[in-house]
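The values are calculated or read from the model by the stated rules, or taken from the named source; none is laboratory data. Because the structure is predicted, anything quoted here is derived from the model rather than measured. In this analysis, Cβ positions are derived from the backbone assuming ideal geometry, glycine residues included, and neighbour counts consider all displayed protein chains. Surface areas here come from the heavy atoms of the whole protein model, side chains and all, with no ligands, DNA or RNA. Shrake-Rupley method; radii C 1.70, N 1.55, O 1.52, S 1.80 Å.
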Amino acid sequence: INFQLTKRFEKKGFIMKKVSVILSILFAGLYIISCSGSKAVSKENPESQASVLIKLADGTKRAGIIFKTEGEYLMYVDAQKHKLDSLHIADISSITKIDKYFDFQGNIIPKDEIKSHKKLKRTLLYGGGGLILGAAAGTGLSIALFAKDSNQGAALATIGAFGAGGAWLFGSMGSAADFDDAVFAARKARGQEVTERLKKLEEEKAKLEKK
């Protein structure tokens, strides 16, 4: 009896080690993926509307929002000049994204203002998809590892961990996409405010000219 109990505990311990290793690899992988997002931006094919820091070959720096490339020039809205400007691509040393968000006039948009425009559409959609994919991957892995042991608890733990990990990873990606949409919505709203303000000024000016 003691021998059987010993074997059972050894088997259980081996299974728990399997689960522990699997979970460690899973969460280490998720951490690495979540931290691996590059902030570098291509000079030749930059991401439109990215808020960036531009380092020039002469050591000076410019901050602003990318507009587009036009021939050998990078068009961007300069955050200091608050207007559209250009730089020769050959004069640019590097371009990196920054944790600031500018509107189309180069003014900083507070994160609270951006969050007021944020929705959860892609967060929920991506998170749900990640849950399904993660659970499916966990099911396949648990069948391969625990089918012989008939250990339902370990199999369910693996499926649950992969499902949660998939939901978190893809949900984070969806949240980032929702945030980008919110930044654009905040820029658009500010642009509309400026347009309406200019329209009112023109109307008032027209009224004064008629008098």
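For segment 45-123, with all protein chains present and a 1.4 Å probe, just round the carbon and sulfur fraction of the accessible area to a whole percent. About 49 percent, which is the carbon plus sulfur part of the accessible surface. Between residue 73 and 89, the built amide H atoms are under 5 Å apart, and every one of these is 5 or more places off in sequence or on another chain.
Fully extending the segment from residue 104 to residue 120 would add 3.3 nm, taking 0.36 nm per residue of separation and subtracting the current Cα-Cα distance.
What value does segment 51-204 have for Rg/Rh, both radii from Cα atoms and Rh as Kirkwood defines it?
Ratio of gyration radius to Kirkwood radius for segment 51-204: 1.23.
Checking the table 83/118; 83/115; 83/121 against a 31 Å threshold on Cα-Cα, which pairs fail? Too far apart for the 31 Å limit: 83/121. Using a cut-off of under 11 Å, list every residue of segment 106-131 whose amide N is near the label point 7 Å from the Cα of residue 189 along the Cα-to-beta-carbon line. In segment 106-131, the label zone of residue 189 (backbone N under 11 Å from the point 7 Å along Cα→Cβ) covers 110, 112-119. If the segment from residue 91 to residue 202 were pulled out straight at 0.36 nm per residue, it would be longer than the present Cα-Cα gap by 35.9 nm.
In the context of the full set of protein chains, segment 73-137 has a per residue accessible area of 62 Å² (1.4 Å probe). Legend: calculated FRET efficiency, residue 113 to residue 156, from the Cβ-Cβ distance at R0 = 45 Å, rounded to 0.05, equals 0.55. Taking each residue as 0.36 nm, the span from residue 39 to residue 55 lengthens on full extension beyond its C-alpha to C-alpha distance by 4.4 nm.
Rounded to the nearest Hz, the phi-derived 3J(HN,Hα) couplings of segment 84-98 under the Karplus curve 6.51 cos²θ - 1.76 cosθ + 1.60 (θ = phi - 60°) are 5, 9, 9, 9, 6, 4, 5, 8, 8, 7, 7, 10, 10, 6, 10, where x marks glycine and proline.
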